[in-house]
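One structure is given here, and the rest of the page talks about it.
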Amino acid sequence: QVQLVESGGGLVQAGGSLRLSCAASGSIYSIGVMGWYRQAPGKQRDLVATITSGGSTNYEDSVKGRFTISRDNAKNTVYLQMNSLKPEDTAVYYCNAMVRRTIISGVGTYWGQGTQVTVSS
């Protein structure tokens, strides 16, 4: 089995910063794309940012220039540095990873349990 465990959420004032972490553990042969998604109350889960194993990144337009995604392949961990936070960034943030569990297995999609980020105005 594969587990993704997130940490780093919390309450912050507008303009502040938070850093989210997500560590993958369990039966892992390799990890491809890792990413962060968020879901606000009453809304669908949306992409925030992704990063490939080689370090190529992609961001949703509203977070460009404010959020930075990075990863440590040796630790199977992905990070999301969030600066200049706005009230509209308030949501539950979920990490996601495309994991190959063995050399012969296919790729599966795994999700973390989510961490709450609340930005007050």
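Brief remarks on what is shown
- Solvent-accessible area per residue for the chain (1.4 angstrom probe, square angstrom): 51
- Local electrostatic count, Ala14, Cβ distance below 10 Å [Lys/Arg +1, Asp/Glu -1]: -1
- Within straight-line reach of Lys86, meaning a Cα separation under 13 Å, there are no aspartates and glutamates at least 8 residues removed in sequence or on another chain.
- Under a Gaussian network description of the chain, with springs only between Cα atoms under 10 Å, the residue in Ile104, Ile28, Ile51 that fluctuates furthest is Ile104.
- Highest-MSF residue in the chain out of Ser21, Ser105, Ser56 [GNM, Cα springs under 10 Å]: Ser105
- Expressed as a whole percent, the accessible surface of the chain that belongs to carbon and sulfur atoms is 49, based on a 1.4 Å probe.
- Taking θ as phi - 60° and the Karplus parameters 6.51, -1.76 and 1.60, the scalar couplings of the range 27-43 work out to 7, 10, 9, 7, 10, x, 5, 10, x, 10, 10, 9, 9, 8, x, x, 10 Hz in sequence order, x denoting glycine and proline.
- When the chain is treated as a GNM with alpha-carbon contacts under 10 Å, the residue of Val107, Val92, Val78 showing the greatest mean-square fluctuation is Val107.
- Exposure check, 1.4 Å probe, all protein chains in place: Thr109 carries approximately 80 Å² of accessible surface.
The values are calculated or read from the model by the stated rules, or taken from the named source; none is laboratory data. The shown structure was predicted, so the numbers you read here are calculated from the model rather than taken from an experiment. Don't worry about glycine lacking a Cβ; one is built from the backbone with ideal geometry, like all the others, and counts go over all protein chains shown. Surface areas here come from the heavy atoms of the whole protein model, side chains and all, with no ligands, DNA or RNA. Shrake-Rupley method; radii C 1.70, N 1.55, O 1.52, S 1.80 Å.
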